[in-house]
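Below: the structure, in structure tokens.
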Amino acid sequence: MKNNYTYPAKINREEKEIILEFMDFPGLAVSAGQETDLIESAQEALALTILDLISQSKEPPRASAPAEGAVYVHVWLPYYKNMAKEVYVKKTVTIPQWLDMLARENKVNFSACLVKGIKEELGIAERKTDG
């Protein structure tokens, strides 16, 4: 199974929303008020569709040839696989002793801070979940 998938899509702008339709997945479309929200929603919808196909032992379709006016939506599947079930790995880190003491006094969650810091460094937005 591949990790990276890129598919062309067409964008249609209507009065109050923007609609993105995937050329290779009939019926798969997303809409949003802003382009940044649209692309994020499109990536998630595409990833979930591909993961669903794979879970059914079906191959995702080949991407269409480049089309005039198309935008390309890319997904990296490991990120979306882990959205459903977060898998953690143990890492050993070294920090200054004074910082360790201060953090322990203030009951800082080291793992949560490390995850937050790495996401910030990589420019990955925190996903809000209900519940």
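Since every read-out is calculated from the coordinates, none of them should be taken as a lab result. Since the model is a prediction, treat every value here as computed from it, not as a measurement. Note: ideal-geometry Cβ built from the backbone for every residue, glycine included; neighbour counts use all protein chains shown.
Ignoring the sites themselves, what is the longest stretch of the chain with no GluC sites (Glu not before Pro) in a DSSP loop and at most 11 other beta-carbon atoms within 10 Å?
So the longest stretch without any such site is 16-67.
Compare the Cα positions of 75, 19, 30 along the charge dipole of segment 4-122 (+1 at Cβ of Lys, Arg; -1 at Cβ of Asp, Glu; about the Cα centre) and return the one farthest towards the positive end.
Of the options given, the answer is 75.
Just to confirm the filter: which trypsin sites (Lys or Arg not before Pro) across segment 1-63 are DSSP coil and have at most 11 other Cβ within 10 angstrom of their Cβ?
2, 16, 58, 62
If I take R0 = 41 Å and measure r between the Cβ atoms of residue 93 and residue 63 in this structure, what FRET efficiency does the formula 1/(1 + (r/R0)^6) give, to the nearest 0.05?
0.55
Lysine pairs in the chain with alpha-carbon atoms under 22 Å apart, 8 or more places apart or on different chains: how many are there?
23
Count the net charge of all other residues whose Cβ sits under 12 Å from the Cβ of residue 35, scoring Lys and Arg as +1 and Asp and Glu as -1.
With Lys, Arg at +1 and Asp, Glu at -1, the neighbours total -2.
For segment 47-54, in order, what is each residue's ³J(HN,Hα) by Karplus, 6.51 cos²θ - 1.76 cosθ + 1.60 with θ = phi - 60°, in whole Hz (x at glycine and Pro)?
In residue order, the calculated couplings are 4, 5, 5, 5, 4, 5, 4, 4 Hz.
Taking the Cα centre of the chain as origin, sum charge times position over the Cβ atoms of Lys and Arg (+1) and Asp and Glu (-1), and report the length of that vector in debye to the nearest 20.
680 debye
Can you pull out the chymotrypsin sites (Phe, Trp or Tyr not before Pro) in segment 1-88 that DSSP calls coil and that have at most 12 other Cβ atoms within 10 Å?
When the chymotrypsin sites (Phe, Trp or Tyr not before Pro) of segment 1-88 are filtered for loop state and at most 12 Cβ neighbours within 10 Å, 88 remain.
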